[in-house]
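Just below is one structure, and these are the notes that go with it.
The values are calculated or read from the model by the stated rules, or taken from the named source; none is laboratory data. This one's a predicted model, so the numbers in the text were calculated from it and none came from an experiment. Every residue, glycine among them, receives a Cβ derived from its backbone with ideal geometry; neighbour counts consider all protein chains shown.
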Amino acid sequence: MKSLTRLAAALALAAAFSAPALAQTAMKISISVAQNSHQGVAIDTFAREVEKRTGGRYKVQPFYSGSLGGERESIEAVQLGTQELTFSSTGPVPNFVPEARILDIPFLFRDKAHARAVLDGPIGQDMLKAFEPKGFKALAWGENGVRHMTNSKRAVNAPEDLKGLKMRTMENPVHVAAYKGFGIITTPMAFPEVFTALQQGTVDGQENPLSVIMAAKFDQVQKHLSLTGHVYSPCILLMNKANFDKLSAADKQHFLDAAKEAVKANRARVDEDDAKGVAELRSKGMQVVEVDKVKFQSALTPVYAEFEKQFGKANIDKIRNFK
Ligand code: EAX
């Protein structure tokens, strides 16, 4: 009897070692801001959901704080396939997918609810298709947030207070044109360089959502915050298209569902940050001013005429009037 037991144990042991090891594919995903942020929550949720839904066959490794490069570099790496995924603001996207430029027009969206409805509706979902001929599978729209102006020089209560300020902008042609319309001296720059540029005074200011201002600790290098709300900044979850196409139909759906969960967590964190951000930044010493947004919007009237020529007034109104 004993020898039979021993034999059974030996066979079981042999079977355990000969069983094929779980085949696991590792992928990289990056963001330019810290892990403790609205974008960190997005990629951590995405990584967890992919591993759970694929039974561990795919492991997505998150990289934070621009450790794999700025947003433009990361988008380029995903396009080339040297990096599988990235979660980025739409800032540098127009350099790859010009169709997305219209989303960066100042004062295009009434508020976050309006923007989310447009992006999750036919207009936004159609736009995701424009990424595919450029080598991307756009898994979902996420959210960076409503952008506000900060600077170290003076309170900005009205558009004329912006004149002559040296401001870092995203590498985005629509933003550069608009901010020049305010008389701002624009310096396009990758996000990982911004904190040092502000600290050294290379630029006077920058503009970003409260989520980014807090995650990047800009209160340490910026005195003034004006709640201009001048641009709604989407994010986009991008995957290298060849990598996506190689997935089975079921795994494609797992990745898309994981992206949906990621965006839910991302948007919830932006809402949390918006609810507490002004009080938190004030407590850290920033001078925060509410402004009359209509004045800032009116100051851009000449630039808007240009945008209507470039994008078509009907296309802008389709987004603006979306309910
Ligand atoms: O995505 O470059 C920017 O100002 C972006 O808002 C930042 O990287 C967060």
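Key figures for this structure:
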| read-out | value |
| --- | --- |
| Options A140, A178, A158: the member that is in contact with a helix residue (DSSP H, G or I) (Cβ under 7 Å, 6 or more places away or on another chain), of a type in the set (A, V, I, L, M) and surrounded by fewer than 20 Cβ atoms within 10 Å (Cβ to Cβ) | A158 |
| Residue satisfying condition, being among the acidic types (D, E), within 16 Å of the ligand (Cβ to nearest atom) and either part of a helix (DSSP H, G or I) or at pLDDT below 95 (or both), within set D245, D273 | D273 |
| Any chance V146 is of a type in the set (V, I, T), closer than 24 Å to V97 by Cβ and touching a Pro at 6+ places or on another chain (Cβ under 6 Å) | yes |
| Members of segment 130-185 found to be in a strand (DSSP E or B) and of a type in the set (A, V, I, L, M), listed by number | A138, L139, A140, V146, M149, M167, I185 |
| Residue, surrounded by the most Cβ atoms within 10 Å (Cβ to Cβ), within segment 279-288, restricted to residues that are touching a residue at least 24 places away in the same chain (Cβ under 8 Å) and farther than 13 Å from K217 by Cα | V288 |
| Selected residue (criterion: farthest from I105 (Cα to Cα)) from residues of segment 186-210 that are part of a strand (DSSP E or B) and more than 11 Å from the ligand (Cβ to nearest atom) | G205 |
| Count of segment 181-203 residues which are buried (at least 22 other Cβ atoms within 10 Å of the Cβ) and either over 21 Å from P92 (Cβ atoms) or basic (K, R) (or both) | 1 |
| Subset tally (residues that are within 14 Å of the chain's Cα centre (by Cα) and among the hydroxyl-bearing types (S, T, Y)) for segment 181-221 | 1 |
| Members of segment 46-63 found to be surrounded by fewer than 20 Cβ atoms within 10 Å (Cβ to Cβ) and either out of contact with any strand residue (DSSP E or B) (no Cβ under 9 Å at 6 or more places or on another chain) or within 10 Å of D251 (Cα to Cα) (or both), listed by number | K52, R53, G55, G56, R57 |
| Residue under evaluation P106, criteria (1) of a type outside the set (A, V, I, L, M, F, W, C); (2) under 16 Å from the mean Cα position of the chain (by Cα); (3) surrounded by 24 or more Cβ atoms within 10 Å (Cβ to Cβ), criterion not met | (2) |
| Residue satisfying all of: in segment 31-40; of a type in the set (S, T, N, Q) and within 11 Å of the ligand (Cβ to nearest atom); surrounded by the fewest Cβ atoms within 10 Å (Cβ to Cβ) among these | S37 |
